[in-house]
Protein chains: 2
Amino acid sequence: MLFYNKLQETISKQNSLLCVGLDPDPAHLEGKDVASFLKSIISATHDLVCAYKPNLAFFEAMGPEGLKILKDVRDVIPGNIPVIGDAKRGDIGNTAAKYADSLFNIYGFDAITANPYLGKDALDPFLEYKDKGVFVLCRTTNPGASDIQELSVDGTPLYQIVAQKAQNDWNTNANIGLVAGATHPDDIARLRGICPDMPFLVPGIGAQEGDLEKATKASLNIEKSMAVINVSRGVLYADKSSSFADAARTASEKYREQINIARGM
Amino acid sequence: MLFYNKLQETISKQNSLLCVGLDPDPAHLEGKDVASFLKSIISATHDLVCAYKPNLAFFEAMGPEGLKILKDVRDVIPGNIPVIGDAKRGDIGNTAAKYADSLFNIYGFDAITANPYLGKDALDPFLEYKDKGVFVLCRTTNPGASDIQELSVDGTPLYQIVAQKAQNDWNTNANIGLVAGATHPDDIARLRGICPDMPFLVPGIGAQEGDLEKATKASLNIEKSMAVINVSRGVLYADKSSSFADAARTASEKYREQINIARGM
């Protein structure tokens, strides 16, 4: 099944645009076993989300063993829920093909994130997996995003040029999405104008203090547009005691509802 | 010791700017054990190089076991030879900190490659390791590099803006270098004009058919400038038979000499 359709089905069935980001940080786990922690989070939230998004950095920082945990945890996510491997890779063709092999074949991600700085032929090895989704970094949530992304290319900010290229030149397999940070809802609205049909992955809610209501509305301001609203720390570490799984469920219910109110559901 | 000094010492001692890229691809190994293969390559070439550059994608494509091989192989590289972890990571601060932790602490790389699209605060977690080097992607070797990197920002190509920012705004710890592909020697010369003192990492020689002589001269066209010229496939797969290690040594000698002729040594 195409990623786009799988995502759409799960959004409808679970009435949710909430994606829970899996960023396990031992500094916040107070001695809990990482794999067990994440499996408990998944068990407590899987009927409330439209996707999960493991962030590879947090697994890589645990060494080779961390990648085993990633594989193990990914395999317990119910098959109907899309899993977005957040790796933000970007490299020349033969190397990008290896990253794609790793992310799609070894970890079985339904979609990934990728960096546009190297241009189309560096994205192609990912895009060639037609049933997979590729969220291209466009407007990120960090304070320094403006350093490069807002540079003016003949009057148009670079991040909008990236969106234009994604929309007009790169999306031959109709499997591109955009990463559009919730910390800049006005920019999300501009991107939605450029890319009316693309799924948007919207990080920045919760710890990063993006505006949930504005970001949700901006990312859905065209009929039938689709967005995945990610929360990581705000769910994982809602409570650091032994009640963490219950707290993660409560937080997920709250975020799902706030998003649904914003989109008028 | 600072990466810059360690690199300089090894360049002098081995009279070499050659970096051998470690991109192990089972498709080219004809059944050879990956770790043994790479250890033989290192054993046969370590007195001829100024650095090694493992490309993480090739290890990741072997699953969690591949990362164990990476760690194992990295640990047999003689301590005086800098190791550049080619991972091209780029993510927001708390995630970049995890990538830095992985690359510098778990794998003990002396330097890494990083992507500038997210701006300075996404590079800072790497740059804060003052004794480590951070090669920022600037002008890459792939055909599609021009899609984004040559966009005109008020008349200046984006890749030159990246170099200007690296030189003037980002390099507070004096540990930035640039990735400047050998396939565009004229652009390397322009970058050297912007960043006279930075070490350049120059990929694209060998399989990618960059011009060794022009690229070497362009990257060294200012007195005391420093460059690392990378060859991966041209050394690793110089001969696919059981004589591969001898062939890798012969190829490394040839590349080292050609580079030395180009730089007048």
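Since every read-out is calculated from the coordinates, none of them should be taken as a lab result. For clarity, every value in this text was computed on a predicted model and none was experimentally measured. Note: ideal-geometry Cβ built from the backbone for every residue, glycine included; neighbour counts use all protein chains shown.
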Compute the distance in nm between two label points, each set 7 Å from the Cα along the Cα-to-Cβ direction, one at A:Q8 and one at B:N15.
6.7
Likely footprinting exposure, B:H184, B:H46, fewest C-beta neighbours within 10 Å first
B:H46, B:H184
I'd like the distance separating the alpha-carbon centroids of segment B:14-57 and segment A:209-251, in whole Å.
45
Per-residue average of Cβ from other chains inside 10 Å of B:53-62:
6
Please give the average number of partner chain Cβ atoms lying within 10 Å of the Cβ of each residue in A:97-109, rounded to a whole number.
4
In this model, which of B:K71/B:K132; A:K88/B:K120; A:K39/B:K88 are farther than 20 Å apart at the alpha-carbon?
A:K39/B:K88
Packing rank of B:55-63, B:227-235, A:99-107, where each peptide gets the mean count of other beta carbons within 10 Å, highest leading
B:227-235, B:55-63, A:99-107
Is there a quick way to get the dipole size of segment B:3-262? I mean about its Cα centre, with the Cβ of Lys and Arg at +1 and of Asp and Glu at -1; what is the value in debye to the nearest 20?
320
Could you give the distance between the Cα centres of segment A:109-146 and segment B:87-116, to the whole Å?
18
Percentage relative contact order, chain B, counting C-alpha pairs under 8 Å, at least six apart
20
Please state the shape class of segment A:72-151: rounded when a/c is under 1.5, otherwise prolate if a/b exceeds b/c and oblate if not, all from the C-alpha gyration tensor.
oblate
Can you pull out the trypsin sites (Lys or Arg not before Pro) in segment A:122-155 that DSSP calls coil and that have at most 11 other Cβ atoms within 10 Å?
A:K130
Under the rule of -39500 (n - 2.57) per DSSP H run of 4 or more residues, summed and divided by the residues of chain A, what mean residue ellipticity at 222 nm is obtained, to the nearest 500 deg cm²/dmol?
-12000 deg cm²/dmol
Note down the nm distance, to one decimal, between modelled labels 7 Å out along Cα→Cβ at A:R263 and at B:K71.
4.1
Reachable aspartates and glutamates from A:K254, Cα under 16 Å, same-chain residues fewer than 8 places away excluded?
A:D47, A:E209, A:D211, A:E213, A:D239, A:D246
On a 28 Å Cα-Cα criterion, which of the cross-link pairs A:K98/B:K240; A:K32/B:K6; A:K68/B:K165 come out too long?
A:K32/B:K6; A:K68/B:K165
Scattering curve values for the protein assembly as shown, log₁₀ I(q)/I(0), Debye with Cα scatterers, q = 0.11, 0.13 Å⁻¹
-0.92, -1.25
How much FRET efficiency would the formula 1/(1 + (r/R0)^6) give for A:N173 and A:N80, where r is the Cβ-Cβ distance and R0 is 30 Å, rounded to 0.05?
0.85
Bins of 5 Å from zero: percent of alpha-carbon pairs in segment A:64-105:
5, 17, 25, 25, 17, 8, 2
